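Only one structure is covered here, and it is reproduced in the block below.
The values are calculated or read from the model by the stated rules, or taken from the named source; none is laboratory data. These numbers were taken from a predicted model, which means no experiment stands behind them. Positions of Cβ are generated from backbone atoms using ideal geometry, with glycine treated the same way; all protein chains shown enter the neighbour counts.
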Amino acid sequence: MKAAGLVDTLSGKGPFTVFAPTNAAFAKLPAGTVDTLLKPENKEKLTKILTCHVVAANAMSSAIGKMIKDDGGAHKVKTVGGCVLTVKMAGDKIVIVDEKGQTATVTIADVKQSNGVIHVIDTVLLPG
């Protein structure tokens, strides 16, 4: 977040829902990807990827589950970065499908913050 200049943004008033990948999720990316993204010349790409994990709403898992159910099993969500994610259920877990068709599973839901909520996920979401 610091390298992309997003600390101040996400410290703002919000509300935000952040789908936060674990360190293990970043480790699943091809070797060298993170180091490449952290280079100053790739700040725009890094910002795009990170903002594709942020939704301008305070959406607890129960609300996400209701949206999925109300929309017949899949709900489209537009992120701050302009990506469109699809949220669904896989058993009792919320899964997020990114624009590349990759699926991330929420492993820890509803980590409340002063300006929203964090849902920890097991895969880095990527723009199309």
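Figures for the structure shown
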read-out: Residue in region 101-111 that is in contact with a Pro (Cβ under 8 Å, 6 or more places away or on another chain) and touching a residue at least 40 places away in the same chain (Cβ under 8 Å) present; value: yes
read-out: Filter pass, Lys100 being within 14 Å of the chain's Cα centre (by Cα), exposed (fewer than 13 other Cβ atoms within 10 Å of the Cβ) and modelled with pLDDT of 95 or more; value: no
read-out: Qualifying residue in region 76-88 (condition: under 14 Å from Pro127 (Cβ atoms), of a type in the set (D, E, K, R) and part of a strand (DSSP E or B)); value: yes
read-out: So Val77, is it surrounded by fewer than 19 Cβ atoms within 10 Å (Cβ to Cβ), touching a Leu at 6+ places or on another chain (Cβ under 9 Å), without any contact (Cβ under 8 Å) to a residue 24 or more places away in the chain and aliphatic (A, V, I, L, M); value: yes
read-out: Residues located in region 116-128, provided they are surrounded by 14 or more Cβ atoms within 10 Å (Cβ to Cβ) and outside any strand (DSSP E or B); value: Asp122, Thr123, Val124, Leu125, Leu126, Pro127
read-out: Condition broken by Thr86, with the remaining ones in (1) over 20 Å from Ala109 (Cβ atoms); (2) under 16 Å from the mean Cα position of the chain (by Cα); (3) modelled with pLDDT of 90 or more satisfied; value: (1)
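Conditions tested, residue by residue: (1) surrounded by 15 or more Cβ atoms within 10 Å (Cβ to Cβ); (2) at pLDDT 95 or above; (3) over 21 Å from Thr107 (Cα atoms).
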position: Glu41; (1), (2), (3): no, no, yes
position: Glu44; (1), (2), (3): no, no, yes
position: Ile49; (1), (2), (3): yes, no, no
position: Val55; (1), (2), (3): yes, no, no
position: Met60; (1), (2), (3): yes, yes, no
